[in-house]
Each structure stands twice: as C-alpha cells, then as structure tokens.
Amino acid sequence: MLSDTHGRTATDLRVSLTDRCNLRCTYCMPEEGLAWLAKSEVLTDDEIVELVRIAVTRLGITDVRFTGGEPLLRPGLVGIVARVAELAPRPRISLTTNGIGLARTAPALRAAGLDRVNVSLDTLRPEVFKALTRRNRLPDVLAGLAAARAAGLTPVKVNAVLMPGLNDDEAPDLLAWALDHDYELRFIEQMPLDAQHGWRRDGMITASDVLASLRTRFTLEPAGDGDRGSAPAERWLVNGGPQRVGVIGSVTRPFCAACDRTRLTADGQVRTCLFAREETDLRAALRAGHGPQRTEEEIVRLWRRAMRGKAPGSGLDAPSFRQPDRPMSAIGG
Ligand code: SAM
Ligand code: SF4
C-alpha cells in the first residue's frame, strides 16, 4: 500500500504521457509553448507499463488515469492502455484529454480497454475558445466528445475552467449544453499552476461564483452522495435530478484531507501532490540496470518513501506558498 503519515492511502495513479500539447490554454501554457522534455528523458512505453505494473501489483493502485500535456499526442497510447488493461488485478483506466483527435481514436481506445474519458472544454463560443486556447479547434473537441460517447467511454465527463473576462458568464450555457448531450460537467477552480505565473487569487472565479451563476437558471441541491469521499467534486442534482453537475473547489474548498492520488510525470518522477516541490526519481532506478527483481524492490521502496513524505495539504493558504517549478502541463493534471 501507499500510505502517508496523515492517514491517507493512494489508490489513484495519474500518469503523464507527455508534456507536449497542441493547445495553449492561457491558464496552463504560454503562447510560445515550453521547453519540452528531450525524447531520452521521457519514459518509453515499456517503462510506463512497468511502473504501472509495479504500482498495481505491489502498491495497491486501483485506478490509473493517463494525462499530460496532451496524452493523445503520444503515439503508443492505445498500446499502453491495452497492456495496462491486461494487468491483474485490472485497474480502472481513464484518460484526461483536450479531445483533439479523439474522434479518430475513441473506438480503438475503447477496444484496448479504456473505461472512461474526461474531456476539457471551457467554452462553446468559437471566438472565446480561440482566445482561451490560442487555437481554433472547437469543432475537433466537439467531435471528440461525440465519438467518446458513441464508443461507450461513459459517463463522458467535461472539465471546465472559468476565466474572468473570457468565459465567466458561460456556466449556465455550458450546463444546459451538457445536460442536453448527457455529458457530466464539472467546473474546476483555476489553480496557480500556469507557467507564466499569471494566477491571482482575487481574480479567480470561485466555486461559490460558479454555483451562484448556475442558480440563475437551474435549481441545485446536494447530490446526497454523502461526503465527497476522495472525489474532489462536490456534486449537485440539477433541477431535481437525476442529472448532476460537479464543482471542484481546489483552491477555496480543498479536499486534501481525503486525497488518494499519486502522480508520475512523463520523465518518471513521482509527485505526491500537484503542489509538491519535491519529486522522487523512478526513472533513474528503472534505468540503473540492476536486474528486474532488484529494480522492482527499489521502485517499491522509493515510491513508499515518497508517499510517507506527502504533505497534509497543498499549502496554498500559507504565506510561504510558492508555486511548483513545473507547470500543470509538465506535472500531469
Ligand atoms: N491536455 C489535457 C486536457 O487539457 O484535458 C490533459 C492535461 S490538462 C493539464 C488537465 C486538466 O487540467 C484540464 O482539465 C485543464 O483544464 C486543467 N488545468 C490546466 N491548468 C489548470 C490550472 N491552472 N488550474 C486549474 N485547472 C487547470
Ligand atoms: Fe494543453 Fe491541457 Fe494545458 Fe490546455 S490544459 S494547454 S489542453 S495540457
């Protein structure tokens, strides 16, 4: 098991497959992109599958989510999913993507064993999409979403971030659209994880703002799924249900006490939190050439040790808070 000293156990592994992306969302990346990892630094498909195997068979991981950067840019994605789906015990496998290219790959991903998908979409207005992502790809995302649903990657979840002055008036329209298409919408508060360090607490759209905006058009009542458990989203029944909307108040309503996550970056570093400043190098252990048995034991030891050092919270509210050096796209959101 991956247990920390604050009573939490990680069962949910987020694996970043690449730090590269074909969008440039303003809350994530600068217009010119970033200095990408060199190919030799990025874990190979075999290395990723090996680390996931160890996590699943030795460390109690039950859920694996592939993310990035944009995971659909990874050529070996379908093969990686297929190999992870063959592990015993088989983990649940999901993908967080911007949806570009999903229209083509959704059936193959489903056939390989992908269970679910989260597609990030912040606006339905083409000109706002272009301003937010600096690319004109809204039709590709909408096609990807439809293909995911058709392929049975359900429930299809949609993640939206609201940005002041861009799409902060769009929450009710997004919800009406999501209800219409049977997508499960979740709003996520903007976090200080952009490479440009442009986040301002006094400028951000909070969970309360989102709820107030939605209530101008819908009735919302707590979905009654008890406390949030380890799920970060507070879920609400819309107009009496059964459809729901989620709001993830990562900044104003943090869920750190119930966090069940551990993260692996595309270059093989374990991070215990999005906001961690420390990383544990599993790639070096993998590549040290110690033979399979010793390598596996070393990785188990390193991962457990990293987990024991997991901080109780994000530290966002501490005066000493400093944004991590890696931006969201390089950590894996
Ligand atoms: N490229 C894929 C995508 O956009 O879904 C996967 C990686 S992306 C980093 C994962 C999620 O993080 C997306 O839903 C995105 O909206 C969210 N995200 C990125 N930067 C963020 C920030 N500063 N605050 C909150 N969410 C952010
Ligand atoms: Fe790319 Fe996802 Fe970051 Fe947008 S949020 S720039 S799609 S990695």
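So which strands (runs of 3 or more DSSP E) stay within the range 3-120 end to end and still have 3 or more residues that are within 16 Å of ligand 1 (Cβ to nearest atom) and either without any contact (Cβ under 8 Å) to a residue 24 or more places away in the chain or of a type in the set (S, T, N, Q) (or both)?
92-97
Taking A148, is it within 15 Å of ligand 1 (Cβ to nearest atom), open to solvent by less than 60 Å² (accessible area, probe 1.4 Å) and of a type in the set (G, A, S)?
yes
Which of (1) among the acidic types (D, E); (2) farther than 18 Å from C28 by Cα; (3) crowded, with 18+ Cβ neighbours inside 10 Å does D194 not meet, given it meets every other one?
All conditions are met except number (2).
Please find, within the range 152-183, the residue that is nearest to T206 (Cα to Cα) out of those that are buried (at least 20 other Cβ atoms within 10 Å of the Cβ) and more than 16 Å from ligand 2 (Cβ to nearest atom).
Per the criteria, the residue is A171.
Regarding T206, is this residue at pLDDT 95 or above, within 13 Å of ligand 1 (Cβ to nearest atom) and of a type in the set (S, T, N, Q)?
yes
Does the range 260-268 include one or more residues that are out of contact with any helix residue (DSSP H, G or I) (no Cβ under 8 Å at 6 or more places or on another chain) and within 16 Å of ligand 2 (Cβ to nearest atom)?
No - not one qualifying residue is present in the range 260-268.
Could you tell me how many of the residues in the range 305-333 are touching a residue at least 60 places away in the same chain (Cβ under 8 Å), part of a helix (DSSP H, G or I) and surrounded by fewer than 17 Cβ atoms within 10 Å (Cβ to Cβ)?
The number of residues fulfilling the criteria is 1.
Check A35 against each of (1) within 16 Å of ligand 2 (Cβ to nearest atom); (2) at pLDDT 95 or above; (3) farther than 23 Å from T123 by Cα and name the one condition it does not meet.
Looking at each condition in turn, A35 falls short on (2).
So, in the range 279-299, of the ones that are under 13 Å from T262 (Cβ atoms) and not polar (S, T, N, Q), which residue ends up surrounded by the fewest Cβ atoms within 10 Å (Cβ to Cβ)?
E279
The values are calculated or read from the model by the stated rules, or taken from the named source; none is laboratory data. Quick caveat, the model's predicted, so the values are computed rather than measured. Cβ coordinates were reconstructed from backbone atoms using ideal geometry, including for glycine residues, and neighbour counts include every protein chain displayed. What goes into the accessible areas is simple: the full protein's heavy atoms, side chains included, and nothing from ligands, DNA or RNA. Shrake-Rupley method; radii C 1.70, N 1.55, O 1.52, S 1.80 Å.
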